[in-house]
Structures are given as C-alpha cells and as structure tokens.
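Trainee: Below: one structure in structure tokens.
The values are calculated or read from the model by the stated rules, or taken from the named source; none is laboratory data. Fair warning: this is a prediction, and the values are worked out from it, not measured in the lab. Every residue, glycine as well, gets a Cβ built from its backbone with ideal geometry; the counts of neighbours run over all protein chains shown. Protein only, heavy atoms only, side chains kept; ligands, DNA and RNA dropped before computing areas. Shrake-Rupley method; radii C 1.70, N 1.55, O 1.52, S 1.80 Å.
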Amino acid sequence: MSNILTNLIELQAKKYGDREALRFKIDGEWRPISWLEFNRQVETAACAFEILGVKENTPLAIFSENRPEILVTEFAAFSNRAYSVPLYATSTPAQVEYIVRDSGASMLFVGDETQYRKAREVQKAYPGLKQIVTYIPLKKDDDDTTTMSFDDILQLGSKATPSTVNEVRSRREAALPDDIATIIYTSGTTGEPKGAVLPHSCFNVQMEWHAERLTSVTDKDLSLCFLPMSHIFEKGWTLFCLTRGVRVAINLDPHEIQKAITEVRPSCMCSVPRFWEKAYAAIQEKLSSMTGVQGMLARRAIKVGKERNLEYVRKGLPVPWLLEKQYQFFNSKVFMPMRKVMGVENGNIFPTAGAPISNTIVRFFRSVGIEIVVGYGLSETTATVTCYPYEGYEIGTVGTTIGKIQVKIGEDNEILIKSPTVMREYFNKPKETEAAFTADGWFRTGDAGRIDENGALILTERIKDLFKTSNGKYIAPQVLETRLGEDKYIEQVAIIGDQRKYVTAIIVPAFEALKEYARKMHIKYRTIEDLVKDADIRKMIGERINQMQSNLASFERVKKFTLLPNPFTLEAGELTNTLKLRRPVINHRYAREIEAMYQ
C-alpha cells in the first residue's frame, strides 16, 4: 500500500496543473498558488532538506502561524521519509524547548519575529537545536550563524544535483505505511504534553474513510483554513481537502477570521464551537431588535426552516409541497441575506469539534441552512472518530463512527476506541502509552459517554473534569459551561464545585456587549472593574443565568458567580493552546474569589 500523502502533491499537479491549490493573503490581497507551483516548491524544498542532512525518520519542528510554507515543509518532509512536529504559534519558550528536546528535532521552522526570538532563546538553552529556518525574511541576531530563510531553502534546493534528486526520489519510492507522518503533542491540561505518534497508515485510512462519508466535498469546494495547522482537526481536514482537490485559503491571523470569511466566502471550514457561539449570539441580538412585521417574518422563517430541515430533510423524508414553497421564500428573503452577512452563502458543510456545542445552536444553524457537522475525535485518533451523517443524525450526539472504527463504553462510562487510525504510541513515554490502552488493545479516550439506540455517540464529560459536590452529587462542568456560553453577555466560564456544598462559576463577560448594555441602561462606570462590580450588571447576569438553568436539577445549578475584569489567557497559563481551561491553574489563581463565594 502506497502512502496517500507522500506523492499527493505531484499527482494533483499532474491532474490539475495551473488550477488554484492554495490561497494566501499577502499585502492585503489574496493570491493563488497553483498545483504546479505548490509541487515545484515541495520538490525543491525536499532536495534542500536532503542537502542539509535530513534523513529518513528525521523530525522537523514547525513553530508558526498558518502559512502555505507549512504544507510545503510537511510534504517535502514526506518526500524524504521524514516527519513534522507542529507547535502552536502561541507556545512559550519553555513549551517550545520541551517539545524540541523531547522530539529530538534539530531543525525548527518559525513564522515571524516573535517566534524567531523564542527560538533563539531555546537555541541558547538547548544546543541540540542546530538550525532555525524563518518562513519570512527577518533581521537575524548579530551572533546568529545558523539561521536561514525559507527562500534560502528553495534557492539551495533549486541547485540540487541529479544525485540529490535521485536520492529523494528513491526515498519516496521506498516510503512505507509504517513511516511516521507527524507527532502531535497534546495540549497538556494537566501535566506535561505527550507526543502522539501518527504513522502514514493512520492518514491513509482516515483519508479513505472521510471520502466515503463526506461525499458532498469535491474539487468545486473552497475551504478556509482557520484553526491552527498544529491542531489535529485542522491538519486532518486540510489534508483531506487536498486529497479531494479542494482549494484551500490559508488564514494567517485568527483574530481576522470574520473579515477573512467575508473575503473568501468559503463553502467549507472546520472550526471549534466558540466560533458558532459568537455568531449565534450576534444573530440573536439582531433578531431580538426586530419588531413588528420584520420580527414576525424572522420568527416564522426560523419555524419553517426548523420544520423543513429537521423534521423532513434530516430524516430523509420528502418535504411537503407547501412547506417547501414557504422555505424557498424564507430562504431567499431571510436565510440567504443572513448567510451572506456571515460570508457563508456558498456553504456546503462546516465540521465542528474540539469541545461540546450547544444543541440550541446546532438546531438554529441547521434550521437556517448552515450545515454544521458535529464530530468527535482526538489527536491520538488522527482526528475524526464520529461525525454526523448527511441524513439520520441526532442533535445532542456527536454522530456515528466513520469507516470501520469500533467504539465501546468501558468502566466509568469511558469511551474506548479500536481502529487503524489510533496512534502507535506516545513518543518516549512507554508508561503513559501502556496506561492509554486496555489489556486487550482498546484506546482509553478519557471521555465519558454512551451510545444511543441508533449507534450514535453521546459525550457526557471529560472523566478527569467530572467532580462531586460535598453532598455526593456528580457535576459535569463542561455541560454547564456550554449552556452558559450561549449567552451573549458571557465570553468564558469556569464551573467550580469539587467537594463544595454547591456549584459556583467564575465568568468572564463579553465586555463589548456589557458596555453596550451599560450605555442603554445609563449605568455609569469608569473602568471594567467598576462595570463587573456594578449591582445592576450583576443582577442582570444573575437573572439570565437562572433562566438558562431553569430545567436543571437544583444541585446542578450555579448558585453564586464572580465576574472577572480580564479574560482567561494562554499567556497566564489559564488556557491550553487549544483554548481549553486549565482548571488547576484557574482554581489556584482565583482561590480568593472562589473562597468568597462559599463564605
């Protein structure tokens, strides 16, 4: 079996030629890169790597925000039977040093000045880092004798001798499914990161199974690459897009995603629930301001969309003639303008995973014709384990397994997985590897869940996040956090209550929405600290929380809350690189505020 990724770009270049493969924004303008140019760069970089001493099984660490050069680096590595070790662009020098040391990478590719500075810090602390390559030309330190730019790499490769070209070719032809494709380091919500070793065999199967499940994705599509390429979800999705001939627009700055969507107008984009939560809050605010005929029309449209898309289309049933006529009317008058404002009027599918997403939000977007495809996967499973099928999906689940992946529920309701897409091991960590598998070879996900009567997986909680109140009641904090996160005035929330009498919450408000509310209600304040302490603001937030919890059992409800004047951040160590809460850090940092809620 040949490796799908090893020869992919060459084969696609022969098939598509000058057709656009990638798109990237340079100097304010989106510029295309053709399949032929993409392939030329991969082949040139592959030769340069060979000249620089990259051998089979060599790790190449990549520390950059999203850029086309990342893909060139990875595919050039595959040509040499080497592999990538991606790092998040927001990583600290200590995190970079840990991963570079642990993986044994002697070459580190960096994106910009910030990452270069951190890389130099690492290089001074760890002599094993021999070479830094900058994706953009930068002014090097005066004493820096080893750093080169990616342009230097391409220049070096363009002068390759026939023997170098032949060496790279022979390596490609000798590539095996057991060769490592990448090592993905987990974000480490507790403890140090672990490197999940993913061989090509994992991707070979995953690409094939995705093609079987996601039949609507074709080379007519345009995907926007928004999540970091160091995230297995984005990496897996982008590689799948390239195997299908989908054009990929690569977004550099995640803070500019709203602008990028309206410029690119993608038909596909994978994202995390937070993106849809923010979009939902903005739309709900707009809808709540509509009055009279306009408001009535919008409410009627959503009701029709819900009935048509969820009661008929979802179940694969023919839509009644009158309902279809109504839907087409509302689609052109209400839904299409809404999708255009968002930049997703060309939408095909929008996979979302990485954290729980509210059923209310999924129902809403599906009702208005935005096909959110909820899924579940991990770094250790080469991304997707389950996702919604086109028909018969159940909202509240994360879909059914793809391909021949096996899922069963073990002790403590833990989700166990057996599949050729599961990692080989945790790099350099035999004890952790052994602990990650049952005696009969099932991978322990650390997630709790159950399987419904239709075979769909329902996630209930991260097992290590589950806690028990002092009254002996179990609380799943993520479920509560997801529910409260729907509110337009709430940006981030951490649920507290382990071994406590009742449940509390530390909340980071959506500051702009809060300021707008204060203006509307004539609430005077000088600073954000004043705003979050204001009695009227606290009363309003408290009423909204109570409303959102009305159908929960008394022991599950948040009884008290604290509003913070600053968000949880990566820099403060409160969030992982994948923006998950680091609960021990939050509990320690806000111990005083937490204790005050229990006095």
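Trainee: Please determine whether any residue of the stretch 2-10 is farther than 25 Å from residue 226 by Cα, among the β-branched types (Val, Ile, Thr), in contact (Cβ under 8 Å) with a residue 40 or more places away in the chain and part of a helix (DSSP H, G or I).
Mentor: The answer is no; no qualifying residue exists.
Trainee: Can you tell me which of (1) in contact with a Gly (Cβ under 9 Å, 6 or more places away or on another chain); (2) modelled with pLDDT of 95 or more; (3) open to solvent by 40 Å² or more (accessible area, probe 1.4 Å) is the one residue 413 doesn't meet?
Mentor: (2)
Trainee: To continue, here is another question. Would you check which residues across the stretch 17-39 are surrounded by fewer than 18 Cβ atoms within 10 Å (Cβ to Cβ) and either at negative phi or assigned to a helix (DSSP H, G or I) (or both) and list them?
Mentor: 18, 19, 20, 26, 29, 30, 31, 32, 34, 36, 37
Trainee: Related question: (1) within 29 Å of the chain's Cα centre (by Cα); (2) at pLDDT below 95: which one isn't true of residue 547, the others all being true?
Mentor: (1)
Trainee: Based on what the data block shows, is residue 515 open to solvent by less than 60 Å² (accessible area, probe 1.4 Å), basic (Lys, Arg) and either modelled with pLDDT under 90 or under 23 Å from the mean Cα position of the chain (by Cα) (or both)?
Mentor: no
Trainee: Residues in the stretch 254-268 that are out of contact with any Gly (no Cβ under 9 Å at 6 or more places or on another chain) and among the hydrophobic types (A, V, I, L, M, F, W, C): how many?
Mentor: Qualifying residue count, the stretch 254-268: 1.
Trainee: A follow-up question, please. Looking at this structure, is residue 493 in contact with a Pro (Cβ under 6 Å, 6 or more places away or on another chain) and either crowded, with 18+ Cβ neighbours inside 10 Å or part of a loop (DSSP other than H, G, I, E, B) (or both)?
Mentor: Judged against the criteria, residue 493 is not a match.
Trainee: Would you check if residue 62 is more than 24 Å from residue 103 (Cβ to Cβ) and surrounded by 15 or more Cβ atoms within 10 Å (Cβ to Cβ)?
Mentor: no
Trainee: Enumerate the pairs (first residue in the stretch 141-153 and under 30 Å from residue 40 (Cβ atoms); second residue anywhere and in a helix (DSSP H, G or I) and charged (D, E, K, R)) with beta-carbon separation below 6 Å, excluding pairs fewer than 6 apart on the same chain, so at least 6 apart or on different chains.
Mentor: 150/69
Trainee: Counting only residues that are at pLDDT 90 or above and surrounded by fewer than 18 Cβ atoms within 10 Å (Cβ to Cβ), which one in the stretch 562-584 is farthest from the chain's Cα centre (by Cα)?
Mentor: The residue in question is 565.
Trainee: Please name all residue pairs, on different chains or six or more residues apart, with Cβ atoms under 7 Å, provided the first residue is in the stretch 67-91 and is among the β-branched types (Val, Ile, Thr) and the second residue is in a loop (DSSP other than H, G, I, E, B).
Mentor: Listed pairs, sorted by first residue: 70/64; 70/229; 85/105; 90/570; 90/577.
Trainee: On to the next question. Sort out which residues of the stretch 406-436 are within 21 Å of the chain's Cα centre (by Cα) and part of a loop (DSSP other than H, G, I, E, B), and write them in order of number.
Mentor: Answer for the stretch 406-436, where residues must be within 21 Å of the chain's Cα centre (by Cα) and part of a loop (DSSP other than H, G, I, E, B): 421, 422, 423.
Trainee: Would the stretch 519-532 turn up any residue that is in a loop (DSSP other than H, G, I, E, B), open to solvent by 30 Å² or more (accessible area, probe 1.4 Å), closer than 21 Å to residue 461 by Cα and not acidic (Asp, Glu)?
Mentor: Taking every residue of the stretch 519-532 in turn, none turns out to be in a loop (DSSP other than H, G, I, E, B), open to solvent by 30 Å² or more (accessible area, probe 1.4 Å), closer than 21 Å to residue 461 by Cα and not acidic (Asp, Glu).
Trainee: Being assigned to a strand (DSSP E or B) and under 18 Å from the mean Cα position of the chain (by Cα) is the filter here, so list the residues in the stretch 238-253 that pass it.
Mentor: 248, 249, 250
Trainee: In the stretch 203-237, what count of residues is obtained for those that are of a type in the set (Ser, Thr, Tyr) and over 17 Å from the mean Cα position of the chain (by Cα)?
Mentor: So the answer is 3.
Trainee: Shifting gears a bit: Has the stretch 175-191 got any residue that is under 24 Å from the mean Cα position of the chain (by Cα) and open to solvent by 40 Å² or more (accessible area, probe 1.4 Å)?
Mentor: There is at least one residue in the stretch 175-191 that is under 24 Å from the mean Cα position of the chain (by Cα) and open to solvent by 40 Å² or more (accessible area, probe 1.4 Å).
Trainee: In this structure, does residue 240 turn out to be touching a His at 6+ places or on another chain (Cβ under 7 Å) and either within 24 Å of residue 275 (Cα to Cα) or buried (at least 24 other Cβ atoms within 10 Å of the Cβ) (or both)?
Mentor: Yes, satisfied.
Trainee: What number of residues within the stretch 156-171 satisfy the criterion of being open to solvent by less than 40 Å² (accessible area, probe 1.4 Å) and assigned to a helix (DSSP H, G or I)?
Mentor: 4
Trainee: If you don't mind, there's one more thing I want to ask. Give the stretch 346-374 a look and list any residue that's part of a loop (DSSP other than H, G, I, E, B), farther than 21 Å from residue 488 by Cβ and not aliphatic (A, V, I, L, M), or say none.
Mentor: 346, 347, 348, 354, 369, 371 - these are the residues of the stretch 346-374 that are part of a loop (DSSP other than H, G, I, E, B), farther than 21 Å from residue 488 by Cβ and not aliphatic (A, V, I, L, M).
Trainee: Taking the stretch 322-374 on its own, how many of its residues are touching a residue at least 24 places away in the same chain (Cβ under 8 Å), more than 30 Å from residue 582 (Cβ to Cβ) and open to solvent by less than 50 Å² (accessible area, probe 1.4 Å)?
Mentor: Of the residues in the stretch 322-374, 19 are touching a residue at least 24 places away in the same chain (Cβ under 8 Å), more than 30 Å from residue 582 (Cβ to Cβ) and open to solvent by less than 50 Å² (accessible area, probe 1.4 Å).
Trainee: On to the next question. Please determine, by comparing only the residues of the stretch 533-551 that are without any contact (Cβ under 8 Å) to a residue 40 or more places away in the chain, closer than 17 Å to residue 485 by Cα and in a loop (DSSP other than H, G, I, E, B), which one is most open to solvent (accessible area, probe 1.4 Å).
Mentor: 551
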